[in-house]
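First the structure, in the form of structure tokens, and then the observations on it.
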Amino acid sequence: MASEGHLIVFEGGEGSGKSTQLRLLSDALTKAGVAHRCLREPGGTALGAEVRRLVLEREWEVDARAEALLFMASRAQMVARELRPALASGEHVLLDRFFLSTYAYQIGGRGLPEDEVRAANGFATSGLVPDLTLLLTFPVAEGLARAAERSSAHDRMEREGAAFHDRVAGAFEAFARPDWQRAHPECGPIVSIEAVGSEREVAGRVREALRTRWPGTFPRFDASDG
């Protein structure tokens, strides 16, 4: 019987480089022959892709509670249809956004009640806890500028004003504190990764965090990794 895989989440604000670092880790795991799959939120399933289109890509107003509940619906489908089966089969899952984005954007940014959002999240995930969340920290203004350079078609979150993104950044900063983590055990262990520097330098920090938690499981970043 295969041992269960690890759920590894990449989190951070706009332009923090989390998607790039997830891709680099995936490339290294593929070279090393380590079974894994990559998913993103919202997304990961046909339902999730439709939620992503409705909430992030359409030009209409979405109530904050409706936004949060649509994200939860996408999450519930992905947990049931993708995450749990993959982990049970021994695959590692690299996930682009999860709990912390909900807590940062919907609680911190939108101002929704924390207890209600946490309860909805618990219902959507049926108690699934990430094995490790890598929280990439990057200056807010630089991250938004990087996101703007990446594409001229910004999603609804990227188009929010500076005050919104400052609140989101403040929430992500809080997540790195031990007292916050102790009060939110459903989020699992969180490790902050300094995301300033070259892609290779940041990838080295990501890999070191993984090796610290699971010695011998994850490959080092070598010259062939980019």
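A short reminder: the numbers here are calculations on the coordinates, not readings from a lab. Predicted, not measured: the structure shown is a model, and the values here were computed from it. When we count neighbours, we look across all protein chains shown, and the Cβ atoms used for this are built from the backbone with ideal geometry, even at glycine.
Tabulated data
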item: Per-peptide average of other Cβ atoms within 10 Å, ordering 23-31, 4-12 highest first; result: 4-12, 23-31
item: Value of relative contact order over the chain, rounded to a whole percent, pairs C-alpha under 8 Å and six or more apart; result: 30 percent
item: Extension reserve of the S3-E208 stretch, reckoned as 0.36 nm per residue once the Cα distance is removed; result: 71.5 nm
item: Gained length - V129 relative to S26, 0.36 nm times residue gap less alpha-carbon distance; result: 35.0 nm
item: Gain upon complete extension [E114, R177; 0.36 nm per residue less C-alpha separation]; result: 21.0 nm
item: Using a Förster distance of 45 Å, the FRET efficiency for S198-A163 (Cβ separation, nearest 0.05); result: 0.90
